[in-house]
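Report on one structure; see the data block that follows.
The values are calculated or read from the model by the stated rules, or taken from the named source; none is laboratory data. Remember, predicted model here, so these are calculated numbers, not experimental data. Positions of Cβ are generated from backbone atoms using ideal geometry, with glycine treated the same way; all protein chains shown enter the neighbour counts. With ligands, DNA and RNA removed, areas are computed over all heavy atoms of the protein, side chains included. Shrake-Rupley method; radii C 1.70, N 1.55, O 1.52, S 1.80 Å.
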Amino acid sequence: MTSIKTIRGLLLTAAVVFSVALVAATHYVVSGLFERAVREEAMRDATTFAEMTFESMFQLMRTGWTREQLDEFVAAIRRSVGKTQHQIDIYRAPRVAELFGEIAQHEMDDAILQAIADGESRRFDTGPQVRFVHVLRAEAECRQCHVNAAAGDVLGVIDVRQDITPLLEGGRSQFLFAAAPIIPVAFVATLLMVFYIRRRLDRAIRTLTGNIRSVNRIADLRSLENTSLDFGFEEFSPVAREVRQLTERVRSIAVDKEMLEFEIRLLEKFILTSDVVKDWREYVNRLLIDIDDVLPAYALFSIFKIGDDTFDLEVFWRYAPSDKSRNLFEDTIKEQLGRNPYFAGGYAVKVEHNVADNSRETPDLVRADIEVQTKSLLVEAPKIGGIVGIGMQAQASIDPTRWLVVESILSTLLNVVGSVKAIDKYTKDLEYYATRDPLTNLYNQRVFWELLDSEAIRSNRHAYKFGLMVIDADNFKTVNDSYGHAFGDILLQEVAAKIRSAIRDDDLLARYGGDEFVVILPETDLAGTVEVAERILEQAATLALEAPDGARVTGSLSLGLAVYPDHAVETKDLFLFADSMMYRAKADGKGRFAIPTEADVVEVFRELSEKSMLIVAAVEARGVIPYYQPIIDPRSGRVEALEVLSRIRLEDGTLMVADAYVAIAEKMGLMHKLDYILMERALEAAGRADYDGLLFLNMSPRALVLNDFVQETRRIAASAGIDPSRIVFEITERETIKNMALLERFINTLRNEGFRLAIDDFGSGFSSFHYVKRFPIDFLKIEGDFILGMKHNDKDRALVRSIVTLSRELGIRTVAEYVEDDEVLEKVVEQSIDLAQGYYIRRPSASIEESLDVRVR
């Protein structure tokens, strides 16, 4: 537990400690000085005694004294100091003892011996004694008796000692006696000083406490700031200054409770919902109304980068502005932007004004007010949604503290508006390119089939015919290989433009894939279809482009025609007729069109009949053969899954791929049986090969209406010893979108059994996004055309990037299809796609072991 001390107690303690320390220090200093003085005096006395003794001895020696006189002299000297603290001893040096004999003397100690040896007198000033060892040297006069000595030789030593202990003890006693009356006086004086200091501090603290307690609002801080704090001592002046500065800082950053509550309410509205994304401008208008309730504001504005040097300026007015105010506001904001380094290189701005409430008019603005009352936040680089700045223009001067709240709101709003704009843009782009070909902006293959089915229904309802064309660009592969993909893309765009110029506005043109296009001609018979084909060929004849090497490249088209219901009553059969005729036109020399004859009709139906018989035979003989294509991690090359593909072996040993019989098998109601056979054989082979990875299986739409599908797949997996979590069913859109509720129940049942799910050809149809929203999806297999297009098409790369970002946010793994070469694989890695498959990685194989042998990177 932390101990809390008062200033009063601290000062009192300090007074006692100070008094005791003062006495102790005084005693220590005085004692030291006294002892040093005593020792110096004692040393002087010892020196004097020694010199006087020597002089007395010298005078006697001049008279030629006897041995008895010498002994009497030494005894007299000792008697003279017998009752004092002094002690005198005389020592005869060996040179004298050798001539005159020994005398009664104490045993020589080391100090005496050393003095005789080197002839130097010595002083000793340590411990309780002071000692002086005085050396007696022979002079010229001494040689009269001391014939064996030379001048300067040591003849003896006088040793004087004094015990100074009684002197020191007496001095200390006298000091204590003298200092005894002073100690309480010093203590009382210290207490009085402490009382004076505490009183002065208490008065200043009470004043400060009272002012602090009076602060109930931000405005009350000003009175505290203006209060004069006098602590009575110059040393405390910095404290008073710091208190005033702290008050200023608090007043500059503190926010009223009303402002905080407003900010919290506003932040609660920064939640992105589908309604917000649907109309983000209306969302910002509502935010402006909420802000205006607390911080009166004329306008909000946001700036988006939409091109290299082009920007969108969105202005949101609280009330309807006049034209003068609009223009003035635009000019002022543009000037502010021009002062920012980010816009220094020049820019173009498209301005759009939005009004939250048209019931009132905004007062005419003045340029000075706009410049002072506008708070903006500009970033150095575009953030999400391309947003580079946001700002607010207030109706009146706002306290600096409230501007802090505005800055916080703007900072959050910058990200919120940017996110809304980004989601709005991504959603529109995805919706658009889910139905469009990114290169030509024509309808894509998936939409074509939907439009073809719809046109057949309308044709039956209104009893009219319609024409169908399948168009192929002649020699496109040669041009593409010779001049590169970029030039090939330009050629396809020109072909699309030529076809569009030759058909009616309500005719439906789509890019089927690669260099193939399809045209649906509503309410058109065979003669009308032929007429349109001739116009298309005429336009194609005018097509000419300059190649990168300067060569002139011309184009021609081969067209296949068919008419509903003359040539077929099923849309797939109709397309088959038109497609066959297109190949006939190519075989006949290209640059022409072909229409089916009665013999062609008979031949096509014969082929359909043969395929039907083959399918029945394959079911009876369990002749479905699984082929495996590896799905790898594109960064490490490790195989993570195998897609199981279906093949039927013909009598001549050749194999029929799934695309050649799936549509017929579905019409015959046998597709689910082929799926069961494929699943059994694939899972059994996986068990034999000890393969422990994932297996991707295509799921037929017929599975939805089969009561036993889930039960049968569970039985097959259990029989093969395969955990359901290793089986991934790929969902297609061919028919399932017609009954979303049924599909949802079916998928949830599969997930409950432990199976995983993938969406095949994601992005090729808008219904794919409904799947992601409603179903627990594990994998998205991105439409192969988008993957191939990443090599040379910015739109394809943008679409793939959007799909990857969406998947990552939803915790779904992505798979790139159609990885046909190393360049595509590199793009897959750059876009951070999780998995990849395609002919470049490995073609489908009937052997699992061979499929696992991948050496790509």
*Read through the list (1) over 26 Å from D659 (Cβ atoms); (2) buried (at least 16 other Cβ atoms within 10 Å of the Cβ), then give the number of the only condition that A551 fails.*
(2)
_helices (runs of 4 or more DSSP H) (entirely within segment 740-857) containing at least 2 residues that are crowded, with 22+ Cβ neighbours inside 10 Å and of a type in the set (S, T, Y)_ = 767-774
*Odd one out for A758, checked against (1) within 30 Å of E712 (Cα to Cα); (2) touching a Ser or Thr at 6+ places or on another chain (Cβ under 9 Å)*: (2)
*Does segment 619-636 contain any residue that is of a type in the set (F, W, Y), open to solvent by less than 30 Å² (accessible area, probe 1.4 Å) and touching a Ser or Thr at 6+ places or on another chain (Cβ under 7 Å)?*
yes
*asked:* Any residue at all in segment 516-526 that's closer than 22 Å to A587 by Cα and among the polar types (S, T, N, Q)?
replied: no
_Regarding segment 101-114, can at least one residue be identified that is in contact with a Gly (Cβ under 8 Å, 6 or more places away or on another chain) and free of Cβ contacts under 8 Å to residues at least 60 places away in the same chain?_
no
_Of the criteria (1) surrounded by 17 or more Cβ atoms within 10 Å (Cβ to Cβ); (2) modelled with pLDDT of 80 or more, which one A15 fails_ = (2)
_Just checking, does segment 505-524 include any residue being under 17 Å from V447 (Cβ atoms), open to solvent by 80 Å² or more (accessible area, probe 1.4 Å) and assigned to a loop (DSSP other than H, G, I, E, B)?_
yes
*A540, sole failed condition from (1) of a type in the set (A, V, I, L, M, F, W, C); (2) under 22 Å from A660 (Cα atoms); (3) buried (at least 17 other Cβ atoms within 10 Å of the Cβ)*: (2)
*May I ask you to verify whether L70 is at pLDDT below 75, touching a Lys or Arg at 6+ places or on another chain (Cβ under 9 Å) and either surrounded by 15 or more Cβ atoms within 10 Å (Cβ to Cβ) or among the hydroxyl-bearing types (S, T, Y) (or both)?*
no
*Could you run through segment 420-453 and say how many residues are assigned to a helix (DSSP H, G or I) and within 38 Å of the chain's Cα centre (by Cα)?*
14
*asked:* Tell me yes or no: at least one residue of segment 90-108 is under 27 Å from P128 (Cβ atoms), open to solvent by less than 90 Å² (accessible area, probe 1.4 Å), of a type in the set (D, E, K, R) and touching a strand residue (DSSP E or B) at 6+ places or on another chain (Cβ under 9 Å).
replied: no
*Any idea how many residues of segment 683-699 are of a type in the set (A, V, I, L, M) and under 10 Å from E643 (Cα atoms)?*
3
*Which number in (1) charged (D, E, K, R); (2) open to solvent by less than 40 Å² (accessible area, probe 1.4 Å); (3) touching an Asp or Glu at 6+ places or on another chain (Cβ under 9 Å) marks the one condition that D600 misses?*
(3)
*Which residues, counting only those in segment 46-66, are part of a helix (DSSP H, G or I) and open to solvent by 50 Å² or more (accessible area, probe 1.4 Å)?*
T48, F49, E51, M52, E55, S56, Q59, L60, M61, R62
